[in-house]
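These notes are about the structure you will find just below.
A short reminder: the numbers here are calculations on the coordinates, not readings from a lab. From a predicted model like this one, the values you see are computed outputs, not experimental measurements. Ideal geometry is used to build each Cβ from the backbone, glycine not excepted, and the neighbour counts take in all protein chains shown.
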Amino acid sequence: MRTRTKLYAAAVGLATTGALVLSSGGASGHGYTDLPVSRQKMCQNGMVTNCGAIQWEPQSVEGPKGFPSGGPADGRICSAGNTPFASLDSPRTPSGGAWPTTRVTGGQSYTFRWQFTAMHATTDFKYYVTKQDWNQDRALTRADLNLTPFLTVPYGGQRPPQTLSHSGRLPSGLSGHHVILSVWTVHDTGNAFYACSDVTF
């Protein structure tokens, strides 16, 4: 009887430890941008095919927060450093074509939209865009981006609704193909969510 009690206690202890490990690993869920449509959302909705695991979980592009001084490494920004989502980092789609773009107008107001599957306490949302002379033939790096966000939306630790829209002015003076990097910083973990959207100014 005593042995059975010890085994039960050990099992409970292991289960509790496992739960703590899972919960301390970061946020359990998630979000992505669909305005402008992000690479992960294009993979999910079939606009781009053969993307791999990301097509089933566009909400899971999660990595360390603190961009640009911290965060995912150069060349792995669009995947947030997640190897199963590496197709998002490539300058070409898995089929070899260009990533489809959303047409936008510099200097004009644009409504950005996030979809969430878990509404985490939020520090802010920040938006970055590539420089006019960025290198389109390699995976995105900090050198390709204007590292001052063109839009910051503070959120003060609040939890967003399932769908959140906010508007901001797009930078002027850009033309052609660019990438907008959207970063959702979670307030109470060490992580953030990243989304790369291809646009044409």
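Per-structure values
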{"item": "Cα-centred dipole magnitude for the chain, charges only on beta-carbon of K, R (+1) and D, E (-1), debye, nearest 20", "result": "500 debye"}
{"item": "Hull volume in cubic angstrom per residue (convex hull over the Cα atoms of the stretch 29-200)", "result": "98 Å³"}
{"item": "Nonlocal amide H pairs with Val129, under 5 Å, H built at 1.01 Å", "result": "Asn146, Phe150, Leu181"}
{"item": "Principal-axis tilt of helix 2-24 within the chain, Cα atoms, nearest 10 degrees", "result": "10 degrees"}
{"item": "Other-chain or far-sequence residues with amide H under 5 Å of Ala118's (modelled H)", "result": "His30"}
{"item": "Calculated from backbone phi, Karplus (6.51, -1.76, 1.60) coupling profile of the stretch 124-140 in Hz, x at Gly/Pro", "result": "5, 10, 10, 10, 10, 9, 5, 6, 4, 9, 5, 8, 7, 9, 9, 5, 4"}
{"item": "Rounded to whole Hz, the Karplus (6.51, -1.76, 1.60) HN-Hα couplings of the stretch 155-165, x for glycine and proline", "result": "10, x, x, 6, 9, x, x, 4, 10, 10, 10"}
